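Reading through the structure tokens given below for one structure.
Just so you know, all these numbers are worked out from the coordinates, no wet-lab data involved. Treat the numbers as computed from the prediction; the structure is a model and nothing was measured. Neighbour counts run over all protein chains shown; Cβ positions are idealised from the backbone, glycine included.
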Amino acid sequence: MYGEKALLHEIEQCRLLMMDLASQTSLSSHHVIEASTKLDYLLNEYDKYKKQ
């Protein structure tokens with residue numbers, strides 16, 4: 001389980017990675033999609049955390 005600060009940090013790192021990958025390849029790149037999926041997961045975890 002993440003703490004709020006750790007979760008927000010991981011969300012930001014994942015977002016930056018996704019943006020970097022998208023700028024180097026394309027939005028439909030397998031790596032961009034993987035990063036986006038991970039970011040979605042992290043954002044959902046943050047939402048659950050905030051609703052506790």
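Quick look at the values:
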quantity: Correct choice for P(r) over Cα pairs in 10 Å bins from 0, in percent that was computed from the model, options [x] 25, 56, 16, 3; [y] 28, 46, 21, 5; [z] 21, 33, 23, 16, 7, 0; calculated: [y]
quantity: Virtual spin-label span in nm between T25 and T37, 7 Å along Cα→Cβ; calculated: 1.2
quantity: Expected 222 nm ellipticity per residue - DSSP helices of 4 or more, -39500 (n - 2.57), all of the chain, to 500; calculated: -29000 deg cm²/dmol
